[in-house]
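Notes to accompany the following structure.
Nothing in this text is a laboratory measurement; each read-out follows from the coordinates by a stated rule. Remember, it's a predicted structure, so these values are computed and weren't measured experimentally. Please note: Cβ atoms are built from the backbone with ideal geometry, for glycine as well, and neighbour counts cover all protein chains shown.
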Amino acid sequence: MSNAKTSNDVLLEVKDLKVYFPVHAGVFQRKVADVKAVDGVSFTIKRGETLGLVGESGCGKTTVGRAVINVLRHVSPGVHVSGEVNYYEKDGTVTNLLALSTKNMRAYRSKIQMIFQDPFSSLNARLSVKQIIAEPLEIHQPNLSAAEVNDQVVWLLEKVGLQPEYAARFPHEFSGGQRQRIGIARALSTKPDLIICDEPVSALDVSVQAQVINLMEKLREEFGMSYLFVAHDLSVVYHISQRIAVMYLGNVVEIGTSDQVYFNSTHPYTRALLSAVPVPDPERKDKQRIVLQGDIPTPMNKPSGCGFRTRCPIAKPSCADAPPLLDTKSDGRLVACPYVQVGEPMGV
Ligand SMILES: Nc1ncnc2c1ncn2[C@@H]1O[C@H](COP(=O)(O)OP(=O)(O)OP(=O)(O)O)[C@@H](O)[C@H]1O
Ligand code: SF4
Ligand SMILES: [Mg+2]
C-alpha cells in the first residue's frame, strides 16, 4: 500500500490488463475468434504525473483508457476484461475498479474524467456551455444551489481561458480549440484526480495544439491532478509527459522517463516510431532512419511469441517462442525485448 504523503505516490496501477472483444460469425453467430485489443498491459500513474501512451492506430490505447474508467461492458457487451485497475485513495485505501458494479463505480466517475479527441462531436450540441459544464457537477454534487453551480461554471470558464459570457452560447458557435477548452472545463468540474486525455489535440490545427497543451500543463500544475495522455505523435507526448509508455499490438513494449524514451529509445519498435518523426532533434541519439517492413498483424491474428517479430529488423527464430517480458534495463526503464540494450545500436 502506498504512502500518500510523498510526491511519488501511486494514484493508479494497471496490472496485467487484458481486453478481448469476441468476434462472431455464421448463422448461429458463434464466437470464432477474439480481438486481443489489450493483451497483458501493466503500468502505474503517480499523483500529479502525466503518463504518455503512444502507438500506432489500433494498438489498444483507447481501449486501455476505457478500461480505466470501467465503461467497456457498456461499450461492448460480451467483452472479456481481466486484470486489475487499482485506484489508490489518499488515505491508502486501494480499490480495483474492474471489480465494481456500475452503481459502486459512480463515486469514481467524479475522480476520473475524460477528454475526447473530437471536440466537434463530444459536446452535446443541444446544450449550452453552462449546461455542458454543469452536468457533472449536478450529478456528483446534487446539493449545490443554482447560484453555486453558476459561480463554478464562471470560475471554470476563466480557468480554461474563456469569457464568462460564453456560458449562454452553444457548441456550434466555437472553434475547435475553444470547444476543447469547454471539454477541459467540463472534465475539471468535479476536481478529478486523473483525466484520461484521448488524443485531445489531434483534431486541432497545429497552431492551436500548443495552446491547448500549454493550458493542460498549467492546469495540471495548479490542480495537482494526473493525466493519462494518449496520442499517436511522440513529439506531442514528449512535451507534456513525465513518463512515456509505448504500445504495440495490445502490449506495452517500452516504458521509461520521457527523456529516456524520446532521446534514447531502445525497443526496436520505439526506435522505428521515433525515426519517423519528421524533424530530427539534434540531441536524439538514434539518427538512422528505420523503415519497417513485413506484415502488419491484427490483434485478431497475433503472431506467436513477440508481437513485433513480423516487422522487427533484428528478429530471431527464438522470438517466435514466447512473448518477451518487460525487462528492467541498465537505466531503470522497462523494455520488452531481451536483444537490445540502452545506448547500443540494434543487432550487436
Ligand atoms: N467495441 C469493439 N469491438 C470490437 N473490436 C474493438 C472494439 N473497440 C476496439 N476494437 C478493436 O481493438 C483494437 C484496439 O482499438 P483501440 O481503439 O483501442 O486502438 P487505438 O490505439 O485507440 O487506435 P486509434 O489510434 O486509431 O484511436 C482494434 O483492433 C479495434 O478494432
Ligand atoms: S523480441 Fe525479437 S522480434 Fe521482438 S523486438 Fe526483440 S528482437 Fe524484435
Ligand atoms: Mg484511439
So which residue, out of HIS24, HIS267, HIS239, gets the largest mean-square fluctuation from a GNM of the chain using Cα contacts under 10 Å as springs? HIS24
To the nearest 10 degrees, how steep is helix 129-140 against the longest Cα principal axis of the chain, on a 0 to 90 scale? 80 degrees
For the pair LYS103 and ASP321, the simple spin-label estimate (label points 7 Å beyond Cα toward Cβ) gives in nm 5.2 nm
Mind listing the phi-derived Karplus ³J(HN,Hα) values for region 203-215, rounded to whole Hz, using 6.51, -1.76 and 1.60 with θ = phi - 60°, and x for any glycine or proline? 8, 9, 4, 4, 5, 8, 4, 5, 4, 5, 4, 4, 4
Taking the alpha-carbon distance from LYS36 and a cut-off under 23 Å, which lysines remain once sequence neighbours fewer than 8 residues away in the same chain are dropped? LYS15, LYS18, LYS61, LYS302
Could you check the simple spin-label distance between HIS140 and HIS24, using points 7 Å along Cα→Cβ, in nm with one decimal? 3.5 nm
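Roughly speaking, what is the stretch gain from GLN293 to LYS31, that is 0.36 nm per residue apart minus the C-alpha to C-alpha distance, in nm to one decimal?
Working: separation 262, 0.36 × 262 = 94.32 nm, distance 3.20 nm.
Contour length minus Cα-Cα distance gives 91.1 nm.
Once you keep just the Cα pairs under 8 angstrom separated by 6 or more residues, what percentage relative contact order results for region 30-88?
Relative contact order for region 30-88 comes out at 28 percent.
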Among ALA185, MET300, LEU98, the residue whose Cα sits farthest towards the positive end of the charge dipole of the chain, when +1 is placed on the Cβ of each Lys and Arg and -1 on the Cβ of each Asp and Glu, is MET300
Angle, helix 176-188 long axis vs. longest principal axis of the chain, Cα atoms, 0 to 90°, nearest 10? 80 degrees
A correct Karplus calculation of ³J(HN,Hα) over region 310-326, with 6.51 cos²θ - 1.76 cosθ + 1.60, θ = phi - 60°, whole Hz and x for Gly and Pro, returns 6, 10, 6, x, 10, 4, 10, x, 5, 5, 7, 6, 9, x, x, 7, 5
The answer for GLY83, listing residues at least 5 apart or on another chain whose modeled amide H is closer than 5 Å to its amide H, is LYS18
Only Cα pairs within less than 10 Å get springs; with that Gaussian network setup on the chain, which residue of VAL27, VAL237, VAL153 has the largest fluctuation? VAL27
DSSP-defined beta bridges in region 142-256 - what % are antiparallel, rounded to 5: 50 percent
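Given the DSSP H assignment, sum -39500 (n - 2.57) over each helix run of at least 4 residues in the chain and divide by its residue total; what's the result at 222 nm in deg cm²/dmol, nearest 500? Numbers along the way, then the final one.
Details: 10 runs with 98 residues, N = 348.
One gets -8000 deg cm²/dmol as the mean residue ellipticity at 222 nm.
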Mind checking Rg over Rh on the chain, alpha carbons, Kirkwood formula for Rh? 0.98
Could you tell me what percent of the DSSP beta bridges with both partners in the chain are antiparallel, to the nearest 5? 65 percent
For a quick size check, give me the Cα extents of region 137-245 along its three principal axes, largest first, whole Å. 44, 30, 20
Quick one: what are the phi-derived ³J(HN,Hα) couplings along region 327-343, Karplus 6.51/-1.76/1.60 with θ = phi - 60°, whole Hz, x for glycine and proline? 10, 6, 8, 4, 9, x, 6, 10, 9, 8, 6, x, 9, 10, 10, 4, x
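Can you give me the relative contact order of the chain as a percent, contacts being Cα pairs under 8 Å and 6 or more apart?
18 percent
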Test item: Cα-centred dipole of the chain, Lys/Arg +1 and Asp/Glu -1 on Cβ, debye: 720 debye
Under 5 Å, built H, 5+ apart or other chain: amide partners of LEU53: PHE229, VAL230, ALA231, ALA245
Interchain or sequence-distant (5+) residues whose placed amide H lies within less than 5 Å of the amide H of VAL38 are VAL19
